[in-house]
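This report concerns only the one structure given below.
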Amino acid sequence: MGDVTAHGTASVESTLDTVFRMESPRIVATAARIVRDVGIAEEIAQDALVAALEQWPETGVPDRPGAWLTATAKHRAVDLVRRRETYARKLAEVGRTLTEESYDPEPAGPGDIDDDVLRLIFTTCHPVLSAEARAALTLRLVGGLRTDEIARAFLVPEPTVAARITRAKRALAKAGVEFAVPYGEDRAARLGSVLEVIYLIFNEGYAATAGDDLLRPGLCEDALRLARVLGALAPHEPEAQGLAALLEFQASRTAARTGPDGRPVLLAAQDRRRWNRLMVLRGYTALERAGDGRSYGPYALQAAIAACHARAASYGETDWETIAALYGRLGVLAPSPVVELNRAVAVSMARGPAEALPLVDALAAEPALARYHLLPSVRGDLLARLGRTAEARAEFARAADLTRNESERTLLRERAGNQGTAGG
């Protein structure tokens, strides 16, 4: 155990908060394997958190805090199963004696999902739930995201997400959905939701909603690992390969996205020598497995866009016309104001800011983008390039007010300050 005298209660709580956010998916998945109910598993994980809050300030932070939380949750799950009148039946289903000392995973069979967290994703992506509810619940349980972070991912109000999660837990309990491995058509039916959840978890790690840091590497790593596992599980599913390719390309830039001081480095200024070439190669390989480029789905199209960036030796050599065309195709398959905003950026780089500004202005009335900081950020960039510095300064300041990430806020305020006082 660590020395509690070296850590005040506030420090212990801060450490616990960080550890729990990183480890909660595995804690919930471990408990769910035992109790076979994701709602109860989350409650058990919260019980483990409360136990740590009570004990760690007195005993100190354990050397392996994640393992401590998981073991505590496991013991409580076992106790709960033992107290149930149906304990004998549960033992028969599990196929082994549960002990407080250990609980080993079931042996994987052909086509089995040999990953507790991935099993949890497939469970929470059950067709008894709406697509929106599946994604929200899985982000909560697997991604460890708060309600406000999930709301940002979906571009919807926070109360809407909270209601979706509550209803989803009730629906799973009412339908008696258990922690189980789907096969065949059932697995195929859930694949789309699983892909979406992994994608959203990665995005939250790649551009954190709030806090001091731009990145949350743990989320990116978990999402990339899950994408790789899913890609191996479904080698002939083009979109599973497309998602794996996309995340490989995006993750390859991680080291170059922040400077030594942790501040963001924009794509145009990134040192491409710091991009992970092994991940780039893995991205190309997965994209090839995604099929013919003419038949790409939404994830493969995004991977193709990322591949355009990876191929360019410098920002100036990027094939922006191809990227704009790919965003156009993506907008047809998966219409979204965010896709249109990204297309406008590509158009600005290919044909100039004057042609892109009307595209961005047309998005100003989109309710989903009302508090999306990248809309005024992009508009500010276009205005600055057109020499309309006073308007650009106002847009960057508005973007800084909208973002909840301190690294982004600092960068945006600097960009606002760099516009000087001239009007345009």
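Scanning the stretch 302-353 for residues that are farther than 24 Å from R274 by Cα and of a type in the set (D, E), we see that the one that is least open to solvent (accessible area, probe 1.4 Å) is E340.
Condition check ((1) polar (S, T, N, Q); (2) within 22 Å of I27 (Cβ to Cβ); (3) modelled with pLDDT of 85 or more) across all residues:
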position	(1), (2), (3)
V142	no, yes, no
I150	no, yes, no
A163	no, no, yes
T166	yes, yes, yes
L172	no, yes, yes
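Of L191, L195, L172, L200, all but one fail to be over 27 Å from P335 (Cα atoms), part of a helix (DSSP H, G or I) and open to solvent by less than 50 Å² (accessible area, probe 1.4 Å); the exception is L172. Which of the residues belonging to the stretch 177-188 are at pLDDT 75 or above and open to solvent by 30 Å² or more (accessible area, probe 1.4 Å)? Once the filter is applied, which keeps residues that are at pLDDT 75 or above and open to solvent by 30 Å² or more (accessible area, probe 1.4 Å), the stretch 177-188 yields Y183, G184, E185, D186, R187, A188.
Restricting the stretch 372-408 to residues that are at pLDDT below 90 and of a type outside the set (S, T, Y), the residue that is least open to solvent (accessible area, probe 1.4 Å) is N405.
Among the residues of the stretch 20-39, those identified as β-branched (V, I, T) and either surrounded by fewer than 18 Cβ atoms within 10 Å (Cβ to Cβ) or in contact with a Phe, Trp or Tyr (Cβ under 9 Å, 6 or more places away or on another chain) (or both) are I27, T30, I34, V35, V38.
Taking the stretch 400-422 as the range and being more than 22 Å from the chain's Cα centre (by Cα) and under 22 Å from E340 (Cα atoms) as the test, the residues that pass are A400, L412.
Restricting attention to the stretch 237-276, the residues being under 22 Å from V345 (Cβ atoms), assigned to a loop (DSSP other than H, G, I, E, B) and either among the hydroxyl-bearing types (S, T, Y) or modelled with pLDDT of 90 or more (or both) number 5. Any residue in the stretch 56-85 that's of a type in the set (S, T, N, Q): show its pairings with residues that are part of a helix (DSSP H, G or I) and surrounded by 18 or more Cβ atoms within 10 Å (Cβ to Cβ) at Cβ separation under 6 Å, as long as the two are six or more apart or on different chains. Correct list of pairs: T70/I27; T70/T30; T72/A48.
Could you say whether any residue in the stretch 251-262 is touching a residue at least 40 places away in the same chain (Cβ under 8 Å) and in contact with a strand residue (DSSP E or B) (Cβ under 9 Å, 6 or more places away or on another chain)? Yes - at least one qualifying residue is present in the stretch 251-262.
The values are calculated or read from the model by the stated rules, or taken from the named source; none is laboratory data. Source: prediction; values computed, not measured. Heads up, the Cβs are rebuilt from the backbone with ideal geometry, glycines too, and the neighbour counts pull from every protein chain shown. The protein model used for the area step is the full one, side chains on, heavy atoms only, and it has no ligands, DNA or RNA in it. Shrake-Rupley method; radii C 1.70, N 1.55, O 1.52, S 1.80 Å.
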